[in-house]
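This report concerns only the one structure given below.
The values are calculated or read from the model by the stated rules, or taken from the named source; none is laboratory data. Bear in mind the structure is a predicted one, so any value in this text is a computation, not a measurement. Ideal geometry is used to build each Cβ from the backbone, glycine not excepted, and the neighbour counts take in all protein chains shown. Each accessible area value is taken on the protein alone, full model and side chains, heavy atoms only, with ligands, DNA and RNA left out. Shrake-Rupley method; radii C 1.70, N 1.55, O 1.52, S 1.80 Å.
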Amino acid sequence: MKLQHVETLIAIERSGSIRSAAELLGKSQPALTKTLRQAEEALGFSVFQRTSRGVTPTELGETVLARAKVIHTELQRLNEEVRQLQGEDFGTLHVCLSPLAAVQIIPAALRMFRQRYPKVHVQLSSGLFPAALTPLHQGTTDMVIGPEPPASLMNGLRAQPLLKTTISVLAGKTSKYRHAKHLGDLADAPWIMIGPRERPGTYAKLFSENGLTPPVALTTSESYMGALANVESGDAICTFPSRLLEKVEAAWDIVRVPIAETVDPLQISLITRAQHPLTPAARELVNCIERSVVSATRDDAR
């Protein structure tokens, strides 16, 4: 396959039809159809199946397109790297952030970054693992800043520790659980698990480490704010990063439950792909992130 084949496949997949893809690329429909035919002949199978509504990827086509997107992204990064090395203020960075990183790390880092790269576009998105790691593996995200995933999810990735945060157990100010002294007193509480259902929550680890059976969390929330809203309004309980809580607790009718047991600190790390070099702009952003963390840690010590 040639690079023009990669470009063609991606354009068709994104547009949903050969006609729209041709318009996107500024080519005629017959010319694009010919390029698609060449790509499929080189592969030995059809990448797309034709329907009355356009085209959709075949099962094998999905695999080819996933790889094509990685190639296309790397070519874009190569172009950006060359131009940045030549002194141009050009490019795009995609950064996925946990709520704590979005509040405590990235604002100061971006202010510093803009002094060197005022025109590089920085796209911020939110996410928690494991979902946040998929676009990183695919190359569509440059870095993820958030809780460090377990080793089983780190294949091909590199984690740089940034800071740790203690974990608080939260209840609403009117909750019957707000004065609980021990973890066992919360065994029958309606826990909310922050994060996707398929991964173990912080609360589950807390129970297990203290010899207790973790209660089943019947509510999960991938939104920290969504979790706080539910805790505030009833008897629900959740764990929450203390560093982030310090920034938001004044706006919510919530309290820290004074249980004797402690939760292991949460490691916040910068996660990148291990075998793929960062562009100069991305390296500069990493430097600014490190400086932002040093500043935040210094402020905590005062």
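Points to keep in mind about this one:
- Averaging the sequence gap over all C-alpha pairs within less than 8 Å and six or more residues apart, then dividing by the number of residues, gives the chain a relative contact order of 22 percent.
- The accessible surface of region 117-156, taken with every protein chain in place and a 1.4 Å probe, is 55 percent carbon and sulfur.
- FRET efficiency, 1/(1 + (r/R0)^6) with R0 35 Å, evaluated for residue 124 and residue 46 via beta carbons: 0.40
- Antiparallel content of DSSP bridges confined to the chain, in %, to 5: 65
- Each Lys and Arg contributes +1 and each Asp and Glu -1, all at the Cβ; summed about the Cα centre of region 114-257, the dipole is approximately 500 debye.
- What the Cβ-Cβ distance of residue 290 and residue 252 gives, at R0 = 25 Å and to the nearest 0.05, is a FRET efficiency of 0.20.
- Dipole magnitude for the chain: about 620 debye, using +1 per Lys or Arg Cβ and -1 per Asp or Glu Cβ, origin at the Cα centre.
- Under 5 Å from the amide H of residue 220 lie the amide H atoms of 193, each residue being 5 or more positions distant or on a separate chain, with H modelled from the backbone and absent for Pro and chain starts.
- Under the criterion of Cα pairs below 8 Å and six or more residues apart, the relative contact order for region 126-228 equals 23 percent.
- Listed residues 284, 249, 81, most fluctuating in the chain (Gaussian network, C-alpha, under 10 Å): 249
- Close amide-amide hydrogen proximity is noted between residue 237 and 191, 192, each under 5 Å apart and 5 or more residues distant or on a separate chain (H modeled in the peptide plane; Pro and chain starts excluded).
- Taking Cα atoms only, the orientation of helix 280-301 departs from the longest principal axis of the chain by about 10 degrees.
- Length-normalised contact order of region 1-52 in % [C-alpha pairs under 8 Å, at least 6 apart]: 36
- Accessible area (Å², per residue) of region 34-122, counting only protein heavy atoms and a probe of 1.4 Å: 57
- Packing order of peptides 42-54, 17-29, highest average first: 17-29, 42-54 (average count of other Cβ atoms within 10 Å over each peptide's residues).
- With the helix formula -39500 (n - 2.57) applied to DSSP H stretches of n ≥ 4, the chain reaches a computed 222 nm mean residue ellipticity of -13500 deg cm²/dmol.
- Ranking 144, 84, 26 by Cα position along the charge dipole of region 1-146, where only Lys, Arg, Asp and Glu carry charges on their C-beta atoms, puts 26 farthest toward the positive end.
- Where N is the number of residues in region 134-226, Cα Rg divided by 2.2 N^0.38 Å: 1.30
- Point-charge dipole on Cβ atoms (K/R +1, D/E -1) for region 198-302, about Cα centre, debye to 20: 460
- Among 127, 155, 113 the positive-end extreme of the charge dipole of region 110-194 (Cβ point charges): 113
- Here region 223-302 exposes an accessible surface that is 48 percent carbon and sulfur, computed with a 1.4 Å probe and the other protein chains kept in place.
- Most to least packed among 154-165, 217-228, 232-243 [average Cβ atoms within 10 Å]: 232-243, 217-228, 154-165
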